[in-house]
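The values are calculated or read from the model by the stated rules, or taken from the named source; none is laboratory data. Bear in mind the structure is a predicted one, so any value in this text is a computation, not a measurement. Backbone-built Cβ (ideal geometry, glycine too); neighbour counts: all protein chains shown.
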Amino acid sequence: MTFYLGIDFGTSGARGVVIDEEARIVSQMRHPWALVTDWVNCWEKTLWSLLEAISEEWRREIGAIAIDGTSSTILLTDAAGQPVDTPLLYNDTRGSLMLKDLSHIAPPNHTVLSATSSLTKLLWMQQLPTASQARYLLHQADWLASLLHGKLGISDYHNALKLGYDVEKLQYPEWLKKLPIQVHLPQVLAPGTPIAELRPEIAARFGFRRNCLVCAGTTDSIAAFLASGAKLPGEAVTSLGSTLVLKLLSRTRVEDSQYGIYSHKLGDLWLTGGASNTGGAVLKKFFSNDELINLSREIDLSKESELDYYPLLKEGDRFPINDPHLPPRLEPRPDHPREFLHGLLASMAKIEVRGYELLQQLGSDKLIRVYTAGGGAANSTWTVIRERYLKVPTFSSVNTEAAYGTALLAMRGIRKEN
Ligand code: ADP
């Protein structure tokens, strides 16, 4: 029996999932972040504690491991892989100071031209005094995997997209080579590709097989998509979390930076999508979780809501409407909270439909099926309302854990190799 381990370093904590050859979960563990001051130390300790949480008898059965991390969380290391400074996390915007200079070199509207891209962060970090000791730029997932396999300077093309790596030509573009980059940019592999066996000292310390392979990883949001079960062109995952995030598998690559739409390579397909500021955070502002459950049950599904809202916490959206000044529209407010909730759920469903329509107008495959993840996925009333407008069947995601998707990646990577 061979098991596969996926490890997710997400925004709220780290999780591990061990699956068997039939992709069934045999073990899972989690480690939430408390108040963290030293991130690299926290990541390293968390990695070891997740490995220790797997029962020893299962550790021996694990044939491959992969790790996902938050997109555009990067760090600089010295020649031995030691971080030379604190990492820049996914949502750090200090790189915005470099945007003006970068915009003269990167193609217009390129994904790297964002305050949080890995490339703007790298250019900003290079100005720090500690940068003189730096040899490698690594993403969070690359660095954590290097603790297991011992090789530096290796990444995957999901993490490397926001570094400017050309995922179509599978190389760094010429314009990137013109930048004054003083560190080694990672060699980029397909996610799931076996990199090397576990370092012997790690295998011995934790009782893993000597030939357990460490595979190239991915980002946390792609890992969650892999977990969903969506596989075919036209299949999508809607995440009804604090915000509304759509991801659609397509044979064609779709990009439109004005709407924040870009595509990741996923095997022979493209994973395209966008994110709206509408979503569960607006519901949370008006209703408790119990109210959401109880009032949703009371909604009369035989009637459509006449209310036409654009639910936002503050002005501005990018997808499917690109308008930084778009005002929240939450009027008129009916007397009964049930009707107000009905209007909110239906309006968000219409924004979801508009999002998928926009992706299709820009050339994606036709939407055929939607898997649903996030806190709102449990709301069956919302599912009925959404199906009415989406006009395609919806399903719950097979699994919503990024760590499960990353375990699948390790399993598929190994099978491809053999
Ligand atoms: P995050 O994006 O923060 O990870 P989650 O996937 O955990 O979000 O989902 C949390 C959101 O789900 C909250 O904003 C909440 O409003 C929404 N939510 C929770 N329960 C329900 C429900 N029964 N119906 C609709 N939305 C819900």
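Starting from residues that are exposed (fewer than 13 other Cβ atoms within 10 Å of the Cβ) and touching a residue at least 12 places away in the same chain (Cβ under 8 Å), keep the ones in segment 273-299 and report whichever is nearest to Leu240 (Cα to Cα).
If we take residues in segment 273-299 being exposed (fewer than 13 other Cβ atoms within 10 Å of the Cβ) and touching a residue at least 12 places away in the same chain (Cβ under 8 Å), then Lys285 is nearest to Leu240 (Cα to Cα).
Here are some conditions: (1) in contact with a Gly (Cβ under 9 Å, 6 or more places away or on another chain); (2) within 15 Å of the ligand (Cβ to nearest atom). Ser364 meets all but one. Which one does it not meet?
(2)
Within segment 1-46, which strands (runs of 3 or more DSSP E) (wholly inside it) include 2 or more residues that are on the phi > 0 side of the Ramachandran plot?
Numbers: elements: 3-9, 13-19, 25-32.
Passing ranges: none, list empty.
Out of contact with any Asp or Glu (no Cβ under 7 Å at 6 or more places or on another chain), closer than 18 Å to Arg354 by Cβ and surrounded by fewer than 21 Cβ atoms within 10 Å (Cβ to Cβ): does that describe Asp308? Don't jump to the end; show me each part of the working.
Numbers: out of contact with any Asp or Glu (no Cβ under 7 Å at 6 or more places or on another chain): yes; closer than 18 Å to Arg354 by Cβ: yes; surrounded by fewer than 21 Cβ atoms within 10 Å (Cβ to Cβ): yes.
Judged against the criteria, Asp308 is a match.
So, in segment 68-92, exactly how many residues are β-branched (Val, Ile, Thr) and over 11 Å from His139 (Cα atoms)?
Filtering segment 68-92 down to residues β-branched (Val, Ile, Thr) leaves 70, 73-74, 77, 84, 86.
The next check asks that each one be over 11 Å from His139 (Cα atoms); those that pass are 84, 86.
So the answer is 2.
Take segment 30-52 and flag every residue that is crowded, with 21+ Cβ neighbours inside 10 Å and of a type in the set (Phe, Trp, Tyr).
Trp43
Regarding Ile293, is this residue in a helix (DSSP H, G or I), in the same structural domain as Ala236 (by the TED database) and of a type in the set (A, V, I, L, M, F, W, C)? Outline the logic, then answer.
Details: in a helix (DSSP H, G or I): yes; in the same structural domain as Ala236 (by the TED database): yes; of a type in the set (A, V, I, L, M, F, W, C): yes.
Yes; evaluated as a whole, the condition is true for this residue.
Please go through segment 272-281 and pick out each residue that is part of a strand (DSSP E or B) and either within 16 Å of the ligand (Cβ to nearest atom) or more than 20 Å from Ile321 (Cα to Cα) (or both).
Taking segment 272-281 and keeping what is part of a strand (DSSP E or B), we get 272-276.
Scanning segment 272-281 gives Gly273, Gly274, Ala275, Ser276.
Looking for something in a strand (DSSP E or B) and within 16 Å of the ligand (Cβ to nearest atom) - is there at least one such residue anywhere in segment 58-66? Before you say what the answer is, go through the steps one by one.
Of the residues in segment 58-66, the ones in a strand (DSSP E or B) are 62-66.
Now narrow it down to the ones that are within 16 Å of the ligand (Cβ to nearest atom): none.
No, segment 58-66 contains no residue that is in a strand (DSSP E or B) and within 16 Å of the ligand (Cβ to nearest atom).
Out of all the residues in segment 241-271, which are in a strand (DSSP E or B) and either within 12 Å of the ligand (Cβ to nearest atom) or touching a Gly at 6+ places or on another chain (Cβ under 9 Å) (or both)? Talk me through it step by step, then tell me what you get.
Step one: filter segment 241-271 for residues in a strand (DSSP E or B), giving 244-250, 256, 261-266, 269-271.
Within segment 241-271, Leu244, Val245, Leu246, Lys247, Leu248, Leu249, Ser250, Asp256, Ile261, Tyr262, Ser263, His264 qualify.
For Leu326, all conditions in the list (1) within 16 Å of the ligand (Cβ to nearest atom); (2) of a type in the set (A, V, I, L, M); (3) modelled with pLDDT of 95 or more hold save one; what is the number of the exception?
Among (1) within 16 Å of the ligand (Cβ to nearest atom); (2) of a type in the set (A, V, I, L, M); (3) modelled with pLDDT of 95 or more, the lone unmet condition for Leu326 is (1).
So, in segment 366-418, how many residues would count as being within 19 Å of the chain's Cα centre (by Cα), surrounded by fewer than 20 Cβ atoms within 10 Å (Cβ to Cβ) and assigned to a strand (DSSP E or B)?
Total satisfying the criteria: 1.
Restricting to segment 58-92, give me the number of residues that are at pLDDT below 95 and loosely packed, with under 14 Cβ neighbours inside 10 Å.
Residues meeting the conditions: 1.
Looking at (1) within 22 Å of the chain's Cα centre (by Cα); (2) part of a helix (DSSP H, G or I), find the lone condition where Pro320 falls short.
For Pro320, the exception is condition (2).
Criterion first (away from the ligand (no atom under 16 Å from the Cβ) and closer than 20 Å to Thr218 by Cα) does Leu307 satisfy it?
So Leu307 fails the test.
Considering only segment 223-262, state which residues are farther than 28 Å from Ile19 by Cα and out of contact with any helix residue (DSSP H, G or I) (no Cβ under 8 Å at 6 or more places or on another chain).
Applying the first criterion (farther than 28 Å from Ile19 by Cα) to segment 223-262 yields 242-244, 251-262.
Selection gives Arg251, Thr252, Arg253, Glu255, Asp256, Ser257, Gln258, Gly260.
Tell me, yes or no, whether segment 156-163 has at least one residue that is surrounded by fewer than 19 Cβ atoms within 10 Å (Cβ to Cβ) and under 23 Å from the mean Cα position of the chain (by Cα).
no
Sort out which residues of segment 125-175 are among the basic types (Lys, Arg) and out of contact with any helix residue (DSSP H, G or I) (no Cβ under 7 Å at 6 or more places or on another chain), and write them in order of number.
The first filter runs over segment 125-175 and keeps only residues among the basic types (Lys, Arg), leaving 135, 151, 162, 169.
Selection gives Arg135, Lys151, Lys169.
Report, by residue number, each residue of segment 6-29 that is within 16 Å of the ligand (Cβ to nearest atom) and buried (at least 17 other Cβ atoms within 10 Å of the Cβ).
Here is the first cut: in segment 6-29, the residues within 16 Å of the ligand (Cβ to nearest atom) are 8-15.
Once the filter is applied, which keeps residues that are within 16 Å of the ligand (Cβ to nearest atom) and buried (at least 17 other Cβ atoms within 10 Å of the Cβ), segment 6-29 yields Asp8, Phe9, Gly10, Ala14, Arg15.
Being touching a residue at least 40 places away in the same chain (Cβ under 8 Å) and closer than 23 Å to Glu255 by Cα narrows it down to one of Leu148, Leu144, Leu113, so name that one. Reasoning before the result, please.
On the way: Leu148 fails: closer than 23 Å to Glu255 by Cα; Leu144 fails: closer than 23 Å to Glu255 by Cα.
So the residue among Leu148, Leu144, Leu113 that is touching a residue at least 40 places away in the same chain (Cβ under 8 Å) and closer than 23 Å to Glu255 by Cα is Leu113.
Mind telling me which of the residues Val398, Val370, Val384, Val353 ends up being without any contact (Cβ under 8 Å) to a residue 40 or more places away in the chain and either β-branched (Val, Ile, Thr) or at positive phi (or both)?
Selected residue: Val353, the only one of Val398, Val370, Val384, Val353 that is without any contact (Cβ under 8 Å) to a residue 40 or more places away in the chain and either β-branched (Val, Ile, Thr) or at positive phi (or both).
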